[in-house]
1. Name every residue in region 328-346 that is farther than 11 Å from Ser67 by Cβ, out of contact with any strand residue (DSSP E or B) (no Cβ under 6 Å at 6 or more places or on another chain) and either of a type in the set (Val, Ile, Thr) or at pLDDT 95 or above (or both), in order of residue number.
2. Between Ala188, Ala173, which is within 24 Å of His446 (Cβ to Cβ), without any contact (Cβ under 8 Å) to a residue 60 or more places away in the chain, small (Gly, Ala, Ser) and in contact with a Ser or Thr (Cβ under 6 Å, 6 or more places away or on another chain)?
3. When you check Arg383 against the structure, is it over 22 Å from Phe72 (Cα atoms), charged (D, E, K, R) and out of contact with any Cys (no Cβ under 8 Å at 6 or more places or on another chain), yes or no?
4. Restricting to region 422-446, and then to whatever is part of a loop (DSSP other than H, G, I, E, B) and in contact with a Cys (Cβ under 9 Å, 6 or more places away or on another chain), can you tell me which residue is nearest to Ser170 (Cα to Cα)?
5. Check off (1) surrounded by fewer than 24 Cβ atoms within 10 Å (Cβ to Cβ); (2) under 17 Å from Pro87 (Cα atoms); (3) not β-branched (Val, Ile, Thr) for Pro402 and give me the number that stays unchecked.
6. Quick one: is Gly93 more than 30 Å from Asp363 (Cα to Cα) and surrounded by fewer than 19 Cβ atoms within 10 Å (Cβ to Cβ)?
7. Considering only region 269-281, I want to know if a residue exists there that is free of Cβ contacts under 8 Å to residues at least 40 places away in the same chain and among the acidic types (Asp, Glu).
8. Yes or no: region 282-304 includes at least one residue that is outside any helix (DSSP H, G or I), more than 19 Å from Asp363 (Cβ to Cβ) and of a type in the set (S, T, N, Q).
Amino acid sequence: MDIEQRLHITRRQLLGQGGLALGAAALGTLMPPHSAAAAPVGGLPHLPHFAPKAKRVIYLFMAGAPSQMDLFDYKPNLAKLHGSELPDSVRGGQRLTGMTAGQSSFPITQAIAPFSRHGQTGTHLSDLLPWHGKIVDDIAILKGVHTEAINHDPAITFFQTGSEFPGRPSLGAWASYGLGSVNANLPAFVVLLSDNNYPQAQPLYDRLWGSGFLPSRYQGVRFRSSGDSVLYLSDPARGERDQHRKVLDTLNSLNRAQHQRVNDPEIETRIRQYEMAFRMQMSVPELADISDEPDSTFELYGEEAKQGGTFAAACLMARRLAERDVRFIQLYHRDWDHHSSLPVWHPRMCKEVDQASAALVMDLKQRGMLDDTLVIWGGEFGRTIYAQGKLEGTGYGRDHHPRCFTMWMAGGGVKAGITHGQTDDFCYNVVNGGVHVHELNATILHCMGIDANRFSHRFQGLDQRLTGVEHVQPVKAILA
């Protein structure tokens with residue numbers, strides 16, 4: 001074995017992958033460019049561990065952290081307490097961010113809008129979310145979600161990868177690694193970012209949908225909202241497709257020769273991704289063309305769904321991806337970090353996401369797809385019950401709050417029309433039904449037929465897991 005081969009291969013990779021790599025790559029070149037595979041392509045042979053309830057996941061991530069007591073967690077007594085000091089006994093010496101730790105006062109702040117009851121369950125929701133009222137009987141609301149991270153980047157990274165430290169595989173990468181792809185013409189993991197309209201919108205990095213120590217073919221593929229949906233996918237030469245096929249075959253033969261010499265697993269990834277790109281040149285334009293959608297679609301999602309870059313357009317695209325059996329679809333809305341002027345900005349953000357979020361659930365349900373599609377909505381932490389800055393007019397904000405916040409889930413494997421968890425009267429601590437980040441991720445995997453405790457990848461001598469080293473259970477109380 002020469003020195004280059006020693007640098008690129010482990011014994012496990014040689015024995016486990018060497019014999020299969022070329023066959024898998026060759027199979028990819030023989031697949032018809034326009035047909036989706038009837039069974040999963042790739043994935044681990046022992047997965048799923050049990051019959052999945054969800055065939056696919058759509059994750060609506062509200063980066064920046066929505067305010068739970070202003071949207072979902074109804075606390076009627078706050079109106080009486082408005083302006084009074086948060087008792088030290090409630091805070092219990094818990095850490096604060098540097099943005100409010102120096103405040104001499106922590107005035108309790110009531111919700112910025114009234115709440116109303118909705119659905120057969122009579123669930124309280126903010127009047128800022130009228131469309132959510134239409135789906136309240138279809139979703140499971142989790143009020144006791146909590147995390148350790150107190151700043152945005154580590155908190156978002158924690159949710160997306162199971163660790164506050166960068167470099168680990170994202171949830172979507174784990175899903176595509178374990179379960180493979182059902183559609184050979186599209187990636188198993190697709191990422192959609194809506195355009196930000198807030199001057200302090202959260203920056204997002206490719207590592208949030210990266211593959212970490214997993215092979216790079218499992219990383220998410222970002223679809224853009226304007227121009228080419230995927231960068232470098234179109235052919236600038238506009239040549240004939242059979243000529244492209246010949247060029248690609250030649251390139252693949254060179255890559256296979258190099259793979260045979262050094263056995264670097266990333267060469268196999270390169271071959272696979274060239275083939276995927278070739279097929280996507282046909283499938284992506286058809287996917288992105290929404291001219292076949294009837295007027296009723298835009299009545300449901302709103303006219304904004306016709307405008308690329310809006311959250312509504314991303315939700316519509318998520319449904320189209322789900323129809324084509326994309327395994328994991330990740331959406332990001334980045335404008336929720338309101339340390340000032342929260343009463344001004346939060347209503348604007350609700351208007352951007354409320355109708356489209358609800359429309360997605362309603363659309364999936366009317367198409368018979370909600371039962372096997374898991375939809376998740378939420379941010380990286382919540383907001384404080386006390387005001388950041390002076391409690392005057394609409395200029396105040398709310399700081400980060402990791403101790404309790406609200407998310408919701410709907411569809412494949414989750415009970416409908418329930419509320420799980422309870423916070424204290426000050427919406428500061430979890431009273432019961434707490435859900436940690438690892439438990440949430442374990443629940444998502446469970447809905448997809450995966451036991452989080454038996455799902456690992458050997459790296460640096462350890463069996464690495466999405467949910468960390470400790471044994472973790474899904475939230476059984478919300479499972480259907």
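The values are calculated or read from the model by the stated rules, or taken from the named source; none is laboratory data. Bear in mind that the values here come from a model prediction, so they are computed numbers and not experimental data. Because the Cβ atoms are built from the backbone with ideal geometry, glycine has one as well, and the counts that use them run over all protein chains shown.
1. Hits for region 328-346 are Ser341, Val344.
2. Result: Ala173 is the single residue among Ala188, Ala173 that is within 24 Å of His446 (Cβ to Cβ), without any contact (Cβ under 8 Å) to a residue 60 or more places away in the chain, small (Gly, Ala, Ser) and in contact with a Ser or Thr (Cβ under 6 Å, 6 or more places away or on another chain).
3. Considered against the rule, which asks whether it is over 22 Å from Phe72 (Cα atoms), charged (D, E, K, R) and out of contact with any Cys (no Cβ under 8 Å at 6 or more places or on another chain), Arg383 comes out as no.
4. Within region 422-446, the match that is nearest to Ser170 (Cα to Cα) is Gly434.
5. Every condition holds for Pro402 apart from (2).
6. In short, yes.
7. No - not one qualifying residue is present in region 269-281.
8. no
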